Amino acid sequence: MVKFKKLATVALTATVGAMFGATMQPQTAQAAPKAGGTLVWVSSQVPRHFNPAVQSGVATMAPGAQLFGFLVRADENWNIHPYLAESWTVSDDGLTVAFKLRKGAKFHDGQEITSADVAFSVATQQANHPFKTSLGAVERVETPDPMTAVFKLKQPHPALLLALSTALAPIIPKHVYGDGQDVKKHPRNVKDLVGSGPFLLKEYKKAQHVIMLKNPNFNSSDGPYLDRIIIKIIRDASARVIAMEKKEAQIFPYMVDSKDIRRLSKSKHIKITDKGYAAIGPVTWLAFNTKDGPTADVRVRQAIAYAIDRNFIINALHGGLSKPATGPIAPGSPFYNGDVETYDFDLDKAKALLDEAGLKPGSDGMRFKLEVDHIPAVPEQQKAIAEYLRPALKKVGIAVRVRNAPDFPTWAKRISGHQFQASMDIVFNWGDPVIGVHRTYLCNNIKKGVIWSNTQQYCNPKVDSILEMAGKETDMAKRVNLYGEFQRIVADDLPLYWINIMPQRTAYHMDLGNPPTSVWGVISPMDQTYWKKQPK
Amino acid sequence: MTDQVEPSAPAAPKLEPDFVPEVEKPWLQTWRMFAKNRAALFGLVLLSVIVGMAVLGPTLYPADPYDIVWAPQSPPGTEGFILGTDYLGRDLLAGIIYGSRATLIVGAAAALITIVIGILVGALAGYYRGWVEELLMRITEFFQVLPPLLLAMVLVLLFSPTLVTISIAIGVVSWTATARLARAEFLRIRELEYVKGARSIGARNSRIIWLVILPNAAPPLIVSAAFAVGIAILFEAGLSFLELNDPNIMSWGYMIGSNRPYVLESWWAVTFPGIAIFLTVLAVSLIGDGLNDALNPRLRQR
């Protein structure tokens, strides 16, 4: 009893995150990592290039995080640690953040990493990256001396360190990319790439493989340990699974299909973890057009939500591997508020709401037609749910027509052009709501032609003002309250119906030490990963 | 041939009764030849059953093939669902019954388009010869060198996939063989005596093409039409397999395509629609084969 009390006091005094961070560092629990060996990694995605400063998407970010360093890094409990920056100080008003760079840190070509490179990297990211909010609050980066970078902010940015802790903000060389060419199309995003991270780009064969070698001059006493990382790009889903089974590959991150996960979990030499995705927060949802058609009426949107059986989707379609989503923020986030209207399956409520909205059933029992789009990828999370909606919504008198898109651009054009009634979608939280959540709900982010902007065209001034406050609030408790209120309001307005959190798993060989399990998983550096016993 | 022999006037040659059985009506003769071929008869029976299922099935087995009726991936026989359920829990038997309609409609419509384009092009080229033939045959060759399934995919992608666009796409990519066949027949027949005769009494070109030559060129074209139906059904299945289909219309190809990722866990969901396609194409091919035998004058006397 005494022991228990003592534990509770410790938990109360220390912040929960710090406690876990101190006790659960994987390095402390295990023997010292060994150097050497090759890691073969399977991926479904084809990177266009490797510069994550100007390109989002895991295809670029995962190798990008190995090739480029960042100022700071995050562990698996959201704690921020030094990386290319040795230390940092935040001013009392939260408007100035000064980073002290690590001495002796060099780019792959031997040039020292200076504050000018940091300033250049931030400016490049701000000008070119599709996520405008991640570093949107940064007004400028001052460089009082080569080892000090001072971020001057327009407003406090509570997620600044998190945004700087991943491939969203790589440190790129000014002496390479500052030559006046468009960085988005810079030839050295692929060829003769000069990075700042623990691995060097050796070779990229388009749509086949990426070979990365250990950076021998990486100025760290702790890693990188692997000699080589080979990313094998395999487009066929079952071929990826077979490559893992046959030990031709030893790590398979971003597994999202429950069949693959079930199958690989039967292999004795493979371990499967759901760690490494906490900051991704991938929400599968049904988006509504809130301006046009029957779904402009909030009662219709609510009725559709009540008519969808989330449990069926999770258990029958996803083999119980996905988790329910009840709002815009994924349950893994510290800002998650589950105390909102969750629209649990209720056909009578759905019918009553439709009656109230004046949509009476016709002679065939149908009230109206609804066209549902879906992304032509991740079928279990998209097509299967869209197809489920047809029999499900028929029960309340909505005749669903599923509209296939032959390829991603076709789908993106329809949705971003607001030419849709309802669409399945998957959108990532990206760690902090400022980075990945705000964009879907702000009135001023209704941008025709931009996918994953506010394509629902939802606009509620109250939500706008809450998000604006939460975006610059630095007090954690106050932010939690603001986001709690935000989640309650949007759950009532229901511009989209959040269905589930997509299962994301990493399968890896059991002899692999320190698999990528930080909140950013493989989109953060794998310099700690090593072979306990090298597989033949 | 006649059983009765006239007792009186044996010297007077009675042409009429002797001749009537000899010039049996052509369609009757064809049927007699066709019926001799057991395999062709089997094909006909099979196709009749499938068409019967498409026409009457929904009345006998009223169900919405899209309804979720039981737990997903239930094996055949579960709770009275004799073919089991697919990955969403939809009744596979209902899917096969309702899907037969789309499959047969696409097969027939695409074959019709194939035949119409093919005959039109082949007839004009074979009859007029000269620059008309040059032009039409170059166009035919242009279509022949394009891989048909790829071209059909492009066409379906350009215009969103519906039954109409899929039928047109399949027809547009598969008419070339028919056109070449029709041209060869027209080239042969246009030089025959009766065509020359028709021309010499002043028949117009259109009359000669459609009323004189075409009926005589019909037998191989009918056979090719029968095969075109089978090919079109396979094409439809192939396009659906690649998800180039209308997901709101149940078809066998769609059933296979949408259940394909789950094949290791529920074999039945792809196997039964596959068998259905196999049987239909087999039936159509057997009929085509039988027609080939029955309509070929050289084989008639065997």
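The values are calculated or read from the model by the stated rules, or taken from the named source; none is laboratory data. Keep in mind that this is a model prediction, so the values were computed, not measured. Cβ: placed from backbone, ideal geometry, glycine included. Neighbour counts: every protein chain shown. Remember, those area values only see protein heavy atoms, side chains included, never the ligands or the DNA or RNA. Shrake-Rupley method; radii C 1.70, N 1.55, O 1.52, S 1.80 Å.
Of all residues in region A:333-351, how many are more than 18 Å from A:Gly281 (Cα to Cα), of a type in the set (A, V, I, L, M, F, W, C) and either in a loop (DSSP other than H, G, I, E, B) or open to solvent by 50 Å² or more (accessible area, probe 1.4 Å) (or both)? Of the residues in region A:333-351, 2 are more than 18 Å from A:Gly281 (Cα to Cα), of a type in the set (A, V, I, L, M, F, W, C) and either in a loop (DSSP other than H, G, I, E, B) or open to solvent by 50 Å² or more (accessible area, probe 1.4 Å) (or both). Does A:Arg299 fit the bill of being surrounded by fewer than 23 Cβ atoms within 10 Å (Cβ to Cβ), in contact with a Leu (Cβ under 6 Å, 6 or more places away or on another chain) and of a type in the set (Lys, Arg)? Against the criterion (surrounded by fewer than 23 Cβ atoms within 10 Å (Cβ to Cβ), in contact with a Leu (Cβ under 6 Å, 6 or more places away or on another chain) and of a type in the set (Lys, Arg)), A:Arg299 qualifies. Looking across region B:275-284, the residues that are open to solvent by 40 Å² or more (accessible area, probe 1.4 Å) and closer than 15 Å to B:Ile231 by Cβ come down to B:Phe278, B:Leu282.
Taking the numbered list (1) assigned to a strand (DSSP E or B); (2) open to solvent by 10 Å² or more (accessible area, probe 1.4 Å) in turn, A:Glu76 passes all entries but (1). Restricting B:Pro273, B:Pro215, B:Pro220 to those that are more than 14 Å from chain A (Cβ to nearest Cβ) and touching a Phe, Trp or Tyr at 6+ places or on another chain (Cβ under 6 Å) reduces the list to B:Pro273.
Residue count for region A:389-433 satisfying the condition of being at the interface with chain B (Cβ under 9 Å from one of its Cβ atoms), charged (D, E, K, R) and closer than 18 Å to A:Pro376 by Cα: 4.
Checking each residue in region B:249-267 for being open to solvent by less than 20 Å² (accessible area, probe 1.4 Å) and more than 13 Å from chain A (Cβ to nearest Cβ) picks out B:Ser251, B:Trp252, B:Gly253.
Among the residues of region B:168-179, how many are surrounded by 19 or more Cβ atoms within 10 Å (Cβ to Cβ) and in a helix (DSSP H, G or I)? Break it down stepwise before answering.
Of all residues in region B:168-179, those surrounded by 19 or more Cβ atoms within 10 Å (Cβ to Cβ) come to B:169-171, B:173-176, B:178-179.
Still in the running and in a helix (DSSP H, G or I): B:169-171, B:173-174, B:176, B:178-179.
Going through region B:168-179 one residue at a time, the tally reaches 8.
Out of the residues in region B:226-246 meeting the condition of being open to solvent by 70 Å² or more (accessible area, probe 1.4 Å) and within 21 Å of B:Leu47 (Cβ to Cβ), tell me which one is farthest from the other protein chains (Cβ to nearest Cβ). Out of the qualifying residues, it is B:Phe227. When A:Val480, A:Val427, A:Val463 are checked against the criterion of being of a type outside the set (Ser, Thr, Tyr) and surrounded by fewer than 18 Cβ atoms within 10 Å (Cβ to Cβ), A:Val480 stands alone in meeting it.
Considering the conditions (1) under 25 Å from A:Ile314 (Cβ atoms); (2) at the interface with chain B (Cβ under 10 Å from one of its Cβ atoms); (3) assigned to a loop (DSSP other than H, G, I, E, B); (4) without any contact (Cβ under 8 Å) to a residue 40 or more places away in the chain, A:Glu380 is excluded by exactly one of them, (4).
When we screen B:Val145, B:Val173, B:Val164 for residues that are β-branched (Val, Ile, Thr), more than 30 Å from B:Val270 (Cβ to Cβ) and more than 14 Å from chain A (Cβ to nearest Cβ), the only hit is B:Val145. Taken together, the residues in region A:301-320 that are assigned to a helix (DSSP H, G or I) and within 14 Å of another protein chain (Cβ to nearest Cβ) amount to 8.
Screening A:Pro328 on (1) within 23 Å of A:Val58 (Cβ to Cβ); (2) surrounded by fewer than 24 Cβ atoms within 10 Å (Cβ to Cβ); (3) at pLDDT 90 or above shows it passes everything except condition (2). With the requirement that a residue be more than 11 Å from chain A (Cβ to nearest Cβ) and under 17 Å from B:Val263 (Cα atoms), what does region B:75-90 give you? If the condition is that a residue be more than 11 Å from chain A (Cβ to nearest Cβ) and under 17 Å from B:Val263 (Cα atoms), then B:Pro75, B:Pro76, B:Leu83, B:Gly84 are the ones that fit.
Among strands (runs of 3 or more DSSP E) entirely within region A:217-295, having at least 2 residues that are within 14 Å of chain B (Cβ to nearest Cβ) and touching a residue at least 24 places away in the same chain (Cβ under 8 Å) singles out no element at all.
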